[in-house]
Amino acid sequence: MTREQDQQSTSKDVCLPYVTLQPDFAQVYTDVSQGLHTAERAWLSVYCMNAPKASIHAKLMLTHNRDAANGGVDVDLESSSKSQLSIRRAEESRLDFSVASTSKNGSLMANTTKASITLPETRIRIPKRTLGPIVKGSIGVSAFDISDAGNDLYVAGGADGQAHIGRLGTGSEARPAGTSAVGSDDIETIAQRRMQERAEQRSITSKTYLKGHVGDIRSAKFFPSGEVVLTTSSDCTARVFGIDGQNPRTLKGHRRAILDSDFIDRGKQVLTASMDGTTRLWDVSEGKQLSSFGSQNYSGVNRVKLDTSNSSSKFFFTGLSNGTVEAFDTSSKTAQLKIGKVQFPSGPAPQASDSWKQIWSGSIESMDISADRHALLLGCGNGITLLHDMRMLSNNVSESEDVGSKSLLGSWQRNGAAINDVQFVNGGKEALFATSDGTPYRCDLGQTDSHDLSPRVLEEYNGWDVDNVEICRFDQTRSRVWLAGADGMVRMY
């Protein structure tokens with residue numbers, strides 16, 4: 001067996017292809033639907049890091065057609081692109097469609113260079129609703145969360161202490177202006193729908209402002225009750241707010257910006273993570289610090305997450321700016337285990353004749369835990385994603401960087417853009433990703449108990465124009481995806 005074949009057969013590291021679509025595709029669609037243009041083009045591109053010379057650049061042709069079932073617009077690839085790609089319109093959506101490559105010969109392995117890209121069928125999601133700008137300032141929406149209590153509330157934060165609670169609204173897929181629903185709506189139905197839309201618009205523009213912070217809001221989360229909010233800021237404080245805007249508790253003690261937080265015992269206690277290299281445990285009812293946990297060499301703590309795989313656990317993980325992860329028990333101030341950085345792809349370094357590169361995983365920018373899958377998902381500042389089996393973490397207690405960690409199910413990369421946020425969905429079988437380059441996506445993580453990782457992109461979320469997407473949230477009640485980030489915008493898919 002050759003060296004390359006051996007690596008391919010054992011590698012858990014892959015390069016995932018990704019699709020970019022003209023960000024204003026929805027507007028182009030609307031112009032054609034209204035008959036402002038009889039036909040318009042929109043660009044679509046496909047990339048994969050292990051096939052740098054095989055990028056696909058295609059044109060979609062949107063043609064006005066009153067008889068078309070999907071909003072009066074036919075969408076198809078130009079003939080010159082059909083040899084490389086195929087598309088399929090979504091039956092339940094006017095705007096969404098799926099795209100796939102015609103080539104099936106490409107490999108996803110990160111330690112190979114391929115001459116073609118294999119793109120499995122991937123759904124391109126167009127925003128169904130857009131809110132914003134809901135905050136002002138160049139950093140856009142820096143903190144966002146939705147309540148799980150079914151009360152339709154969200155909390156958002158931005159620069160200079162801006163924070164508020166608002167309503168999402170029930171909403172439905174945005175219909176291109178000048179078109180009606182499929183079928184014939186009578187005047188009374190249309191009038192009722194417009195009255196409902198106006199009432200909803202009045203509801204969602206009503207905001208409760210959360211006052212007190214004087215620095216940028218770095219995180220904002222609803223307590224498990226969905227009726228109380230915890231915000232953290234670069235002003236070194238964390239504040240507890242009611243949905244009426246009252247601020248009964250302010251937690252003080254950190255010496256640098258507080259970047260993240262999590263809850264214990266349904267919010268009786270909270271954890272805060274800071275750039276000062278500490279994670280602190282607080283009693284909320286008394287507003288009192290109970291304990292402080294220092295990171296290795298006091299590296300900045302970017303993320304903190306309680307181990308939810310055990311309902312009685314007070315074990316938590318911290319993601320550090322130096323690229324490592326530490327885990328603590330709230331009863332002990334020293335780390336119980338450490339997860340070192342890894343090389344991507346793993347295995348022997350590339351030879352001089354190889355065109356692929358090997359790099360270390362970057363700072364931990366995002367983290368989530370799936371209790372169903374017993375998995376820890378990590379997003380890095382250089383675009384690498386790591387998936388660990390938490391049941392195997394006891395085998396990884398060395399303080400040194402453990403490249404061969406038995407807990408690592410696999411790793412992947414789409415490009416070098418930071419993974420700002422991750423969230424497990426569908427019982428840990430899938431995950432959402434918010435990225436710094438405006439290419440958020442949803443990924444199938446493969447079989448639940450398999451160490452043969454086979455991630456596959458299911459959905460790409462359009463509309464961000466190479467803009468920073470800071471937060472991703474899944475609305476379990478309505479099975480909707482919410483993304484927030486640049487220009488103060490929030491988009492629902």
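The values are calculated or read from the model by the stated rules, or taken from the named source; none is laboratory data. What you see is a predicted model, and the numbers here were worked out from it, not measured in a lab. We place every Cβ from the backbone using ideal geometry, glycine too, and count neighbours over all the protein chains shown.
Numbers for the structure displayed
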read-out	value
Some residue of the stretch 441-463 being of a type in the set (Lys, Arg) and more than 24 Å from Leu376 (Cα to Cα)	no
Some residue of the stretch 64-73 being small (Gly, Ala, Ser), farther than 22 Å from Tyr441 by Cα, touching a Leu at 6+ places or on another chain (Cβ under 9 Å) and not in a loop (DSSP other than H, G, I, E, B)	no
Unmet requirement for Arg256, which otherwise passes all of (1) over 22 Å from Ile217 (Cα atoms); (2) outside any strand (DSSP E or B); (3) within 28 Å of the chain's Cα centre (by Cα)	(1)
Members of the stretch 316-342 found to be part of a strand (DSSP E or B) and crowded, with 18+ Cβ neighbours inside 10 Å, listed by number	Phe316, Phe317, Thr318, Gly319, Leu320, Val325, Glu326, Ala327, Phe328, Leu337, Lys338, Ile339
Given (1) out of contact with any helix residue (DSSP H, G or I) (no Cβ under 7 Å at 6 or more places or on another chain); (2) surrounded by 14 or more Cβ atoms within 10 Å (Cβ to Cβ); (3) of a type in the set (Ser, Thr, Tyr), number of the condition Ser309 does not satisfy	(1)
Candidate set: the stretch 1-33, residues that are outside any helix (DSSP H, G or I) and modelled with pLDDT under 90; chosen: the one nearest to the chain's Cα centre (by Cα)	Lys12
Residue ranges of strands (runs of 3 or more DSSP E) in the stretch 142-198 with at least 2 members over 30 Å from Asp467 (Cβ atoms) and at pLDDT below 95	none
Filtered residues of the stretch 87-109 (kept if surrounded by fewer than 20 Cβ atoms within 10 Å (Cβ to Cβ), in contact with a Ser or Thr (Cβ under 6 Å, 6 or more places away or on another chain) and not in a loop (DSSP other than H, G, I, E, B))	Arg88, Ala100
Which numbered condition Met392 fails, given (1) assigned to a strand (DSSP E or B); (2) at pLDDT below 95	(1)
Condition met for Pro345 (out of contact with any Cys (no Cβ under 6 Å at 6 or more places or on another chain) and either surrounded by 19 or more Cβ atoms within 10 Å (Cβ to Cβ) or among the hydrophobic types (A, V, I, L, M, F, W, C) (or both))	yes
Filter result (hydroxyl-bearing (Ser, Thr, Tyr) and at pLDDT 90 or above) within the stretch 312-330	Thr318, Ser321, Thr324, Thr330
